[in-house]
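Quick notes on the structure that follows.
Here, each number is a calculation from the coordinates, and none is a lab measurement. This structure is a prediction, so every number in the text was calculated from the model and none was measured. Note: ideal-geometry Cβ built from the backbone for every residue, glycine included; neighbour counts use all protein chains shown.
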Amino acid sequence: MQDRDNPTPRHQQQGLTLIELLIAMALGIGVTLAATALLSTVKLSYLSVYDQALIQDSGHYATEVISQALRQAGYVPHDEANWDVQELQQLLPAVIGLDNSRLPVTSPGITQAVNNQANHASDVLAVRFLGNSASPLFNCAGFAVKAIARQPGKPNNLAAQQGWSIFFIAADSTGTPELRCKYTTQAGGWNSTAIVRNVEAFHVLYEVSASTDGQLTQFLPAYALTAQQWPKVVAVQFALLLRGEHFTTDGSNETYPLFGSTYHNNDDGIVTITAKDQHRKLRKIFRSTVQLRNLPT
């Protein structure tokens with residue numbers, strides 16, 4: 001008779017069969033792959049949202065900085081006494097530009113410009129204005145422009161005292177394109193600083209008044225304007241193409257008409273992305289038109 005206190009031990013599993021082991025491994029790999037895919041999707045979604053926010057903020061900031069400079073273009077402190085026509089005629093045009101150009105950091109103004117084909121033939125936009133002692137005006141780098149030193153009734157070199165805000169595209173040391181601001185320093189020299197990174201293209205058009213009654217004609221690129229037309233510019237339209245920092249799952253469009261599909265001028269303002277490693281990045285066009293406030297009288 002079997003002892004109830006010492007029952008016969010039951011058979012216990014000592015290992016797994018090959019089929020059981022393969023099934024367990026397959027299930028484990030499947031769970032791991034699913035988790036990895038989910039994590040990758042979440043990461044891509046996060047980076048996409050991050051890039052969209054970055055592009056939006058950077059684009060609006062760049063647009064506002066350029067627009068603010070254009071609103072100051074041609075400013076003259078008319079609270080100063082005894083202005084005369086000859087003095088005002090010394091002033092250089094409020095805005096001037098160059099097509100397909102970028103600038104050295106320390107060259108005076110927009111001199112010594114070089115080809116900018118590497119940055120989609122981006123343009124140069126230069127804005128000029130006089131400083132004011134009563135209410136300081138600031139250049140594109142955020143520095144106050146010195147108030148003019150003027151003696152009524154005597155020759156004054158007002159053109160040399162005009163403040164500058166110059167915008168162009170150039171690559172940094174890592175090859176990333178950025179919108180740069182060139183300006184006059186307090187010591188009378190020149191400097192340049194980056195405003196916004198990942199700006200691939202910057203193109204500008206100018207609206208010229210054909211008559212003294214302010215009747216508008218059409219927007220023209222810089223190369224189409226004569227020296228006599230620059231003082232007659234009454235509005236400026238500019239466009240920027242910004243890109244994100246990370247790659248996305250879907251490929252971006254390769255061609256971007258910065259001034260819309262209806263603008264055709266020998267492909268001016270048409271940006272085509274040819275580098276394959278740059279295709280899969282988010283991009284957005286920012287475009288604005290600014291009416292100049294301080295027109296010559």
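For A187 and Q90, calculate 0.36 nm times their separation in residues minus their Cα-Cα distance, and state this gained length in nm to one decimal. Kindly include the intermediate steps, with their values, before the conclusion.
Details: separation 97, 0.36 × 97 = 34.92 nm, distance 2.20 nm.
32.7 nm is the gain from fully extending A187 to Q90.
Karplus-derived 3J(HN,Hα) values for the range 174-183, using 6.51 cos²θ - 1.76 cosθ + 1.60 with θ = phi - 60°, are 9, x, 7, x, 9, 7, 10, 10, 10, 8 Hz; glycine and proline are entered as x.
A Förster radius of 22 Å combined with the Cβ-Cβ distance from V49 to T255 puts the calculated FRET efficiency at roughly 0.30. Prolate is the label for the range 40-291. Its Cα gyration tensor axes, ordered a ≥ b ≥ c, give a/c of at least 1.5 and a/b above b/c. For the range 227-239, 3J(HN,Hα) computed residue by residue from phi via the Karplus equation (6.51, -1.76, 1.60; θ = phi - 60°) reads 4, 6, 8, 4, x, 9, 5, 10, 7, 10, 10, 9, 9 Hz, glycine and proline entered as x. Counted residue by residue at 0.36 nm each, then reduced by the alpha carbon distance between them, the extension gain from I29 to R293 reaches 88.3 nm.
Database remark: amide H of L295 closer than 5 angstrom to no amide H (H placed geometrically; neighbours at sequence offset of 5 or more, or on other chains; Pro and chain starts carry no H).
Would you mind putting 133-144, 236-247 in packing order, based on average other-beta-carbon counts within 10 Å, highest first?
Working: 133-144: 15.0, 236-247: 21.6.
The most tightly packed comes first, giving 236-247, 133-144.
Of the peptides 68-76, 102-110, 186-194, the order by per-residue mean of other Cβ atoms within 10 Å, starting with the highest, comes out as 68-76, 102-110, 186-194.
In this structure the amide hydrogen of Y75, modeled in the peptide plane, comes within under 5 Å of the amide hydrogens of L130, none closer than 5 places in sequence on its chain.
Using θ = phi - 60° in the Karplus curve 6.51 cos²θ - 1.76 cosθ + 1.60, the 3J(HN,Hα) couplings for the range 58-69 round to 5, x, 5, 5, 4, 4, 5, 5, 5, 5, 5, 4 Hz; x is entered for Gly and Pro.
Assuming R0 = 30 Å, what is the FRET efficiency of T36 and R280, from their Cβ-Cβ distance, to the nearest 0.05? Provide the component values of the computation, followed by the final result.
Values: r = 20 Å, r/R0 = 0.68.
That pair, T36 with R280, gives E of 0.90.
Less than 5 angstrom separates the built amide H of V271 from those of Y256, L258, all sequence-distant by 5 or more or on a different chain.
The simple Förster model, with R0 at 30 Å and r as the Cβ-Cβ distance, assigns T174 and N265 a FRET efficiency of 0.35.
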